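Before any comments, here is the structure.
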Amino acid sequence: MDQIKVLLSAIEKKIENISLKYLRTQSSNLIKKYRTFRKFNLTYDEKISYITFRMPATFKAIEYCLNQLKNLQLNTKINTVLDLGSGPGTALYAYLSVFKSFDKMTLVERDTEFVQISKDLSKDIKELKKVFFVQMDLIAYKDYDHDLIIVSYVLNELKIYQIDKILKNFIKSKAKVIVFIEPGTKYGFNNIRYLHDKIIKNDLKIIAPCPNNFKCPMPKDDWCHFFVRLDRSKCHKYIKKGTLSFEDEKFSYLIVTKKDSKPYKARVLLNPKKKDSKMLLNLCQDGKVFQNQIDKKDLKNYKISKKIKWGDIIK
Ligand SMILES: C[S@@+](CC[C@H](N)C(=O)[O-])C[C@H]1O[C@@H](n2cnc3c(N)ncnc32)[C@H](O)[C@@H]1O
């Protein structure tokens with residue numbers, strides 16, 4: 001079964017006795033806390049509202065990044081996964097959606113209620129015996145020896161020394177790949193840009209979205225981000241007070257390895273735009289961000305550029 005369906009059905013079960021009107025108020029409180037006060041101490045009911053309108057979106061963002069990892073076809077076998085700051089366990093479903101199975105997955109979360117929510121949501125999944133729920137501060141957690149580490153929508157809540165510690169632990173461990181995902185905002189990208197510099201200094205390899213290990217060329221007041229489109233369920237639409245049947249989740253990310261890299265020429269930033277007789281492609285290539293113009297007269301490349309999407313790689 002489709003993992004998003006598995007997740008949505010588990011969420012539905014978890015909220016079946018709660019009024020949607022009440023959840024809508026809780027989600028407004030949560031958004032206000034995050035945006036206005038940058039406070040992350042949520043009440044239990046705000047955490048429940050998180051699973052209704054944020055979890056499907058973060059699932060899609062994690063799934064997108066893991067698909068990027070899979071499509072690069074590195075010579076890296078991934079059997080064990082560590083999710084740091086796992087919240088309600090979103091990465092578990094996204095990982096299964098892309099890689100189908102694992103030998104072991106460890107979810108580290110400091111918040112007791114989120115740990116309980118992730119246990120409640122996942123109680124019917126087949127792989128449960130191989131999932132380990134650890135209630136602990138991720139900085140105190142020592143066993144980074146998992147093939148893949150996921151840190152999704154967490155850096156925002158950490159101090160710089162804690163972010164440094166995650167990278168240090170990754171370097172020291174036997175872990176092969178680490179994936180960082182943050183909201184696709186100027187603020188979210190600041191953390192990604194900070195990590196980008198550190199990663200280069202530590203001689204690690206960025207395999208996505210950056211096509212190389214040059215200094216990030218994104219101008220200071222701009223931010224590199226991507227998006228995924230997700231369908232809103234009836235409940236999601238109601239809670240979000242939305243009118244559209246879908247929403248776009250914007251995120252910034254970095255996938256980092258210790259040695260594996262598959263070089264490609266460029267990454268497409270933004271959707272290509274048609275202007276007069278030209279197709280305008282925004283690219284990150286050779287340590288620069290720039291706009292490439294492909295004229296209609298260049299038949300072959302123009303035809304190719306019409307199929308290109310935001311986030312694609314150019315080989
Ligand atoms: C916005 S949620 C993201 C949850 C999940 N990773 C996702 O993508 O949906 C951030 C989570 O990180 C957890 N967190 C923040 N700081 C932490 C720390 N120092 N140790 C463990 N968990 C932490 C929070 O409790 C929260 O559950």
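The values are calculated or read from the model by the stated rules, or taken from the named source; none is laboratory data. Everything quoted here is computed from the prediction, not taken from an experiment. In this analysis, Cβ positions are derived from the backbone assuming ideal geometry, glycine residues included, and neighbour counts consider all displayed protein chains.
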Q: Under 6 Å between Cβ atoms, at least 6 apart or on separate chains: pull out the pairs that start in segment 159-176 with a residue that is in contact (Cβ under 8 Å) with a residue 60 or more places away in the chain and in the same structural domain as Asn202 (by TED's automatic domain parsing) and end on any residue that is surrounded by fewer than 18 Cβ atoms within 10 Å (Cβ to Cβ) and part of a helix (DSSP H, G or I).
A: none
Q: Take the residues in segment 46-86 that are near the ligand (Cβ under 10 Å from one of its atoms) and β-branched (Val, Ile, Thr), then tell me which one is farthest from Phe102 (Cα to Cα).
A: Ile51
Q: Report those strands (runs of 3 or more DSSP E) wholly inside segment 157-263 carrying at least 3 residues which are more than 15 Å from the ligand (Cβ to nearest atom) and farther than 30 Å from Glu12 by Cα.
A: 205-208, 246-257
Q. Considering segment 87-146 alone, what residues qualify as being more than 11 Å from the ligand (Cβ to nearest atom), over 22 Å from the mean Cα position of the chain (by Cα) and of a type in the set (S, T, N, Q)?
A. Gln116
Q: Select, from Ser27, Ser86, the only residue that is surrounded by 15 or more Cβ atoms within 10 Å (Cβ to Cβ), of a type in the set (S, T, N, Q), over 24 Å from Leu254 (Cα atoms) and in the same structural domain as Lys129 (by TED's automatic domain parsing).
A: Ser27
Q.
Condition first: in contact with a Phe, Trp or Tyr (Cβ under 7 Å, 6 or more places away or on another chain) and either away from the ligand (no atom under 15 Å from the Cβ) or in contact (Cβ under 8 Å) with a residue 60 or more places away in the chain (or both). Now tell me which residues in segment 147-156 satisfy that.
A. Ile149, Val151
(Q) Considering only residues that are closer than 19 Å to Met55 by Cα and polar (S, T, N, Q), which ones fall in segment 119-144? (A) Ser122
Q) Among the residues of segment 55-83 satisfying the criterion of being at pLDDT 95 or above and basic (Lys, Arg), which is surrounded by the fewest Cβ atoms within 10 Å (Cβ to Cβ)? A) Lys70
